[in-house]
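Here the structure comes first, spelled out in structure tokens, and everything after it is commentary.
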Amino acid sequence: MTRVFCNPAGQRDNLGDSVLRRPYLAALRNAGDLHVLVGSDADYASGLGIAEGDTVYVSRVRWLAGAGAAAVRGKLTFAANAGEYVGSPREWCRSLWQPMLAVAARVSGGSVVLGGASLRPGTRAAWTHLRLSSRLAGFVTWRDRDSRDQIGHGDVQPDWAFVYGGEHQETERWTIAVVMRGDRPAPQADWFDAVTALARERQARIVVLVQVRRDLERAQDLAEALDATVLPWPAEANHRDHEESVRQFYRTCSHVISDRIHALIIGATEGAVPLAFSTTNPTKIDRTFASVSTRRLTYVPQGLASGRLGAQDDVVRDVSAAAEVVETAAARLTAAIAGAG
């Protein structure tokens, strides 16, 4: 049986980081016995969809030792992490084990896969390890074309989180969700004008949602300014519990306004129209959604008239279609691993 080793590391307080990796792990599980490094944070791990037959590791040392043993005894499959890679010298040093595992997998007669990655702008030297790993891989996909072009090969597929897209019941939606980062400049008057104008047009209430724990203070400030309520991330709720609450909430929303990619993605997969009202450069959002839709998604809200937003309803249909693309990529990933085994 093929042994597939993956470290689905992500931000422990960020719901989107577990959401995007759960479908990736599911695709890997279809190809063999999954050996997954979850770390010591059970809260984050709850959102990864760990199955009964998975071999779970808390210790990185034990996980690496297990991968080495698999390479010696048979064929190792190494699955590089999905999601965003940070291009810094520190990250490069911390990730030296990755090309080592990729080489070990190929030497053992196994396979290497890299599915649904993206690159944060950084020096070319910072991508040396990822470039080597991807060159050794039999399956390589990126969630945006800019990342693909930086490395020079592989295909572009939508973010794994789009796999949850599907048909939505035609129901009246009377809520607008607002989800904003707490580590960016605070919105200015024109941003508030655009949000309140949309709410008046839709006769909708505004609810500020916390999808990343560290954004709570920003959410409270926005709710006060918008005369809105806050839907927090309860301290006792783990990733899986909060994700279910968030999805149920988005099913009541006409729009989700955010500068966080996975707030927009999760909202869209639950039938809410995604609108990126960013206070900084929205390039990252544009790149990610470009693989799903050609329709405009991002706005700088200076002078924005809410009447220009009607065509965005079509984005939800584009997102539903993207789910099939992601499922096809998952099937190709499974076939690539099986072919090497």
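Anything in region 80-105 that is surrounded by 20 or more Cβ atoms within 10 Å (Cβ to Cβ) and touching a Phe, Trp or Tyr at 6+ places or on another chain (Cβ under 7 Å)? List them, or say none.
Across region 80-105, the qualifying residues are Ala82, Leu101, Ala102, Ala105.
Only one of these is more than 19 Å from Thr280 (Cα to Cα) and open to solvent by less than 20 Å² (accessible area, probe 1.4 Å): Ala161, Ala194, Ala228. Name it.
Residue meeting the stated conditions: Ala161.
I want to confirm something. Restricting to region 49-78 and keeping residues that are in a helix (DSSP H, G or I) and touching a strand residue (DSSP E or B) at 6+ places or on another chain (Cβ under 7 Å), which single residue is farthest from Leu15 (Cα to Cα)?
Residue satisfying both the conditions and the ranking: Ala70.
How many of the residues making up region 152-174 are at pLDDT below 90 and either within 27 Å of Ala31 (Cβ to Cβ) or in contact with a strand residue (DSSP E or B) (Cβ under 7 Å, 6 or more places away or on another chain) (or both)?
Looking only at that region, the number is 5.
When residues of region 1-42 are filtered for being in contact with a Gly (Cβ under 8 Å, 6 or more places away or on another chain), surrounded by fewer than 21 Cβ atoms within 10 Å (Cβ to Cβ) and of a type in the set (Val, Ile, Thr), how many remain?
Of the residues in that region, 1 qualify.
Restricting to region 1-42, and then to whatever is in contact (Cβ under 8 Å) with a residue 60 or more places away in the chain and assigned to a strand (DSSP E or B), can you tell me which residue is nearest to Thr269 (Cα to Cα)?
Only one residue tops the list, namely Asn14.
I need a count of the residues in region 60-73 that are out of contact with any Ser or Thr (no Cβ under 7 Å at 6 or more places or on another chain), open to solvent by less than 40 Å² (accessible area, probe 1.4 Å) and in contact (Cβ under 8 Å) with a residue 12 or more places away in the chain.
5
Checking Phe289 against (1) open to solvent by 30 Å² or more (accessible area, probe 1.4 Å); (2) farther than 16 Å from Ile206 by Cα, which test does it fail?
Only one criterion is unmet by Phe289, namely (1).
Which members of region 43-59 meet the condition of being among the hydrophobic types (A, V, I, L, M, F, W, C), open to solvent by less than 60 Å² (accessible area, probe 1.4 Å) and more than 18 Å from Gly16 (Cα to Cα)?
Result: Ala51, single match.
Looking only at region 134-150, count how many residues are acidic (Asp, Glu) and open to solvent by 40 Å² or more (accessible area, probe 1.4 Å).
Total satisfying the criteria: 2.
Can you tell me which of Val246, Val208 is of a type in the set (A, V, I, L, M, F, W, C) and under 24 Å from Pro158 (Cβ atoms)?
On inspection, the qualifying residue turns out to be Val246.
Here are some residues: Gly267, Gly271. Which one is on the phi > 0 side of the Ramachandran plot, touching a residue at least 60 places away in the same chain (Cβ under 8 Å) and either open to solvent by 10 Å² or more (accessible area, probe 1.4 Å) or not in a strand (DSSP E or B) (or both)?
Just a single option satisfies the conditions, and that option is Gly271.
The values are calculated or read from the model by the stated rules, or taken from the named source; none is laboratory data. Please read these numbers as outputs of a predicted model, since none were measured by experiment. Note that each Cβ is placed from the backbone with ideal geometry, even for glycine, and that neighbours are counted across all protein chains shown. Ligands, DNA and RNA are excluded from the accessible area calculation, which covers all protein heavy atoms including side chains. Shrake-Rupley method; radii C 1.70, N 1.55, O 1.52, S 1.80 Å.
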